[in-house]
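First, the structure itself, so that you have it in front of you.
The values are calculated or read from the model by the stated rules, or taken from the named source; none is laboratory data. Remember, predicted model here, so these are calculated numbers, not experimental data. Cβ coordinates were reconstructed from backbone atoms using ideal geometry, including for glycine residues, and neighbour counts include every protein chain displayed.
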Amino acid sequence: MTFFEFGVSKELCKGLKEIGITIPTKIQEQAVPVLMNHQTDFIGKAQTGTGKTAAFGIPLLSNIDAKKKHVQALILAPTRELGQQIAKQLFKFTKYTDKIFVESVYGGEKIDRQISRLNRPTHIVVATPGRLIDLINRKAVDISKIRTIVMDEADEMLSMGFKKDLTTILSKTKGHRNVWLFSATMPVSLNEIITTYVDKNAPQVSVDKNDAVNKGIDHQFVVGEEAGKLDTLTYFLKTQKGSRGIIFTKTKVAARTLSKQLKAKNYDVGLLEGEMTQKERDKVMRAFRNKSLQLLVSTDVAARGIDVANLSYVIHYQLPDQIEYYTHRSGRTARAGNTGLSLALITKPEVKVIRELEKQLGIRFGQIR
């Protein structure tokens, strides 16, 4: 079925079509008709890269009354980057609709600047939990009339320590509002929030792992000694002249070390790791987006919410601790219908991890010898 058949307006469909969203993905197919046509809580389990933003964004925008100037919906996201990305997507969706105002607020930017932006008419606020609490305490944002709260990447918000903030926000908005919870995983720690704040009869949909893994990604691995990894990496990079990609490490120490080693070999490389200031992160991401940097070395948490078009490859310099992180990492490439390469540099004992990833994610790895 098409979005128009789901009841989405012609104007919204036109905006979606312009950015290449025409055939609903699995999660959109299951979420959009339900959320468009029913006042309901909702739980959606789906990985990054499956089209979650449109799955909640389309019904959310369809339910906004543009004539009313107060905040009608709230979207919570774990990182500034993801929040900015969601706000940008919603802005693109609404190119041909009545003007719907979306404001993105997060830590790391002067709060006064955000307060003055919130003084303008705002229909949807996209926020990181900590900054939203600050703004509520300063009476800079009124969430008492919101009809919908979306929690995107709820598992990640909990793992980043936002549980107390989330329960504060949810308890401040109790009443006639719906909670739409989207998460890649459903850890036990989410149960308490679901039991307390989500209707027990809420529809639950789950996009299975086979559907979640992008079919445009070519998964490959190279086996070698730990000491030879840097040489293998630089050999690969020489074959990728003009292409752009992200190299993932598990720890910030490894990320810092690797970025220094690559700079010493004259590669234009940016670094993203958790302890950087927001100003530093923004500078790196600007340079990467405008292509003055070809390469990015990043840790898993630092890369949440990165959405850069036309990345040719992702390299796993160190394999991640969690299977979900492999999906998050590899999903940075082959976006919007493109193809891409996900290459893991591993040692012999890690071959069993590759086999486990194949089993759990329903993918096939090729070995480069």
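For the stretch 216-239, how many residues are aromatic (F, W, Y) and surrounded by fewer than 17 Cβ atoms within 10 Å (Cβ to Cβ)?
Within the stretch 216-239, the subset aromatic (F, W, Y) is 221, 235-236.
Subset that is surrounded by fewer than 17 Cβ atoms within 10 Å (Cβ to Cβ): 235.
Qualifying residue count for the region: 1.
While we're on this one: What residue, among those in the stretch 240-260 that are hydroxyl-bearing (S, T, Y) and more than 16 Å from A344 (Cβ to Cβ), is surrounded by the most Cβ atoms within 10 Å (Cβ to Cβ)? If you could, list the steps in order and put the result at the bottom.
Let us first name the residues in the stretch 240-260 that are hydroxyl-bearing (S, T, Y), namely 243, 249, 251, 257, 259.
Add one more test, that the residue is more than 16 Å from A344 (Cβ to Cβ), and what stays is 243, 251, 257, 259.
On the way: S243: 15, T251: 13, T257: 14, S259: 22.
So, considering only residues that are hydroxyl-bearing (S, T, Y) and more than 16 Å from A344 (Cβ to Cβ), the one surrounded by the most Cβ atoms within 10 Å (Cβ to Cβ) is S259.
Kindly indicate which of G130, G57 is buried (at least 23 other Cβ atoms within 10 Å of the Cβ) and either modelled with pLDDT of 90 or more or in contact with a Cys (Cβ under 9 Å, 6 or more places away or on another chain) (or both).
Within the list G130, G57, the selection yields G57.
Another question about this same structure. Please determine, by comparing only the residues of the stretch 62-77 that are buried (at least 21 other Cβ atoms within 10 Å of the Cβ) and either basic (K, R) or in contact with a Gly (Cβ under 9 Å, 6 or more places away or on another chain) (or both), which one is farthest from D199 (Cα to Cα).
Ranking the candidates gives A77 first.
For the stretch 170-180, does any single residue satisfy the condition of being free of Cβ contacts under 8 Å to residues at least 60 places away in the same chain, closer than 14 Å to F42 by Cα and not assigned by TED's automatic domain parsing to the domain that holds I363? Write out each step before concluding.
If we filter the stretch 170-180 for residues that are free of Cβ contacts under 8 Å to residues at least 60 places away in the same chain, which is where we start, we get 170-172, 174-177.
Filter again for closer than 14 Å to F42 by Cα, leaving 177.
The next check asks that each one be not assigned by TED's automatic domain parsing to the domain that holds I363; those that pass are 177.
Taking every residue of the stretch 170-180 in turn, at least one turns out to be free of Cβ contacts under 8 Å to residues at least 60 places away in the same chain, closer than 14 Å to F42 by Cα and not assigned by TED's automatic domain parsing to the domain that holds I363.
Find all pairs meeting these conditions: Cβ atoms under 9 angstrom apart; at least six residues apart or on different chains; first residue within the stretch 214-234 and closer than 13 Å to I315 by Cβ and in the same structural domain as L311 (by TED's automatic domain parsing); second residue of a type in the set (A, V, I, L, M) and surrounded by fewer than 17 Cβ atoms within 10 Å (Cβ to Cβ).
What qualifies is Q220/I368; F221/V351; F221/I368; V222/I368.
Could you tell me which residue of the stretch 330-339 is modelled with the highest pLDDT, considering only residues that are of a type outside the set (S, T, N, Q) and surrounded by fewer than 24 Cβ atoms within 10 Å (Cβ to Cβ)? Working first, answer last.
Here is the first cut: in the stretch 330-339, the ones of a type outside the set (S, T, N, Q) are 331-332, 334-337.
Then drop every residue that is not surrounded by fewer than 24 Cβ atoms within 10 Å (Cβ to Cβ), which leaves 331, 334-337.
Working: G331: 79, A334: 71, R335: 65, A336: 61, G337: 62.
The selected residue is G331.
Additional query: Does T173 satisfy the condition of being more than 30 Å from G270 (Cβ to Cβ), crowded, with 18+ Cβ neighbours inside 10 Å and modelled with pLDDT under 95?
Values: more than 30 Å from G270 (Cβ to Cβ): yes; crowded, with 18+ Cβ neighbours inside 10 Å: yes; modelled with pLDDT under 95: yes.
Against the criterion (more than 30 Å from G270 (Cβ to Cβ), crowded, with 18+ Cβ neighbours inside 10 Å and modelled with pLDDT under 95), T173 qualifies.
Going through the stretch 55-74 one residue at a time, which ones are among the β-branched types (V, I, T) and assigned to a loop (DSSP other than H, G, I, E, B)? Can you show your working first?
First, pick out the residues of the stretch 55-74 that are among the β-branched types (V, I, T): 58, 64, 71.
I64, V71 - these are the residues of the stretch 55-74 that are among the β-branched types (V, I, T) and assigned to a loop (DSSP other than H, G, I, E, B).
OK, next. Which ones in the stretch 11-32 are outside any loop (DSSP other than H, G, I, E, B) and either free of Cβ contacts under 8 Å to residues at least 60 places away in the same chain or in contact with a Pro (Cβ under 9 Å, 6 or more places away or on another chain) (or both)?
Restricting attention to the stretch 11-32, the residues satisfying the condition of being outside any loop (DSSP other than H, G, I, E, B) are 11-18, 26-32.
Within the stretch 11-32, C13, K17, Q28, E29, Q30, A31, V32 meet the criteria.
So, one more: Can you name every residue in the stretch 1-10 that is assigned to a loop (DSSP other than H, G, I, E, B) and over 23 Å from the mean Cα position of the chain (by Cα)?
Initial filter on the stretch 1-10 (assigned to a loop (DSSP other than H, G, I, E, B)): 1-9.
Scanning the stretch 1-10 gives M1, T2, F4, E5, F6, G7, V8, S9.
Tell me, which residue of the stretch 355-368 that is part of a loop (DSSP other than H, G, I, E, B) and touching a strand residue (DSSP E or B) at 6+ places or on another chain (Cβ under 8 Å) is surrounded by the fewest Cβ atoms within 10 Å (Cβ to Cβ)?
We begin by selecting, within the stretch 355-368, every residue part of a loop (DSSP other than H, G, I, E, B); these are 362-364, 368.
With touching a strand residue (DSSP E or B) at 6+ places or on another chain (Cβ under 8 Å) added as a condition, the list becomes 363-364, 368.
Numbers: I363: 21, R364: 8, I368: 12.
Applying the filter and picking the extreme gives R364.
Can I ask one more? Which members of the stretch 112-126 meet the condition of being of a type in the set (V, I, T) and within 21 Å of T94 (Cα to Cα)? Reasoning before the result, please.
Applying the first criterion (of a type in the set (V, I, T)) to the stretch 112-126 yields 115, 122, 124-126.
Once the filter is applied, which keeps residues that are of a type in the set (V, I, T) and within 21 Å of T94 (Cα to Cα), the stretch 112-126 yields T122, I124, V125, V126.
For residues that are of a type in the set (K, R), part of a helix (DSSP H, G or I) and loosely packed, with under 13 Cβ neighbours inside 10 Å, tally how many sit in the stretch 261-293.
Narrowing the stretch 261-293 to residues of a type in the set (K, R): 263, 265, 279, 281, 283, 286, 289, 291.
Right, trim to part of a helix (DSSP H, G or I) and you get 263, 279, 281, 283, 286, 289.
Remaining after also requiring loosely packed, with under 13 Cβ neighbours inside 10 Å: 279, 286.
Residues meeting the conditions: 2.
Right, here's the next one. Among (1) assigned to a helix (DSSP H, G or I); (2) in contact with a Ser or Thr (Cβ under 7 Å, 6 or more places away or on another chain), where does Q318 come up short?
Every condition holds for Q318 apart from (1).
A further question follows. From L296, L311, grab the single residue that is modelled with pLDDT of 90 or more and crowded, with 20+ Cβ neighbours inside 10 Å. Walk me through it before giving the result.
Working: L311 fails: modelled with pLDDT of 90 or more.
Just one listed residue meets the conditions, L296.
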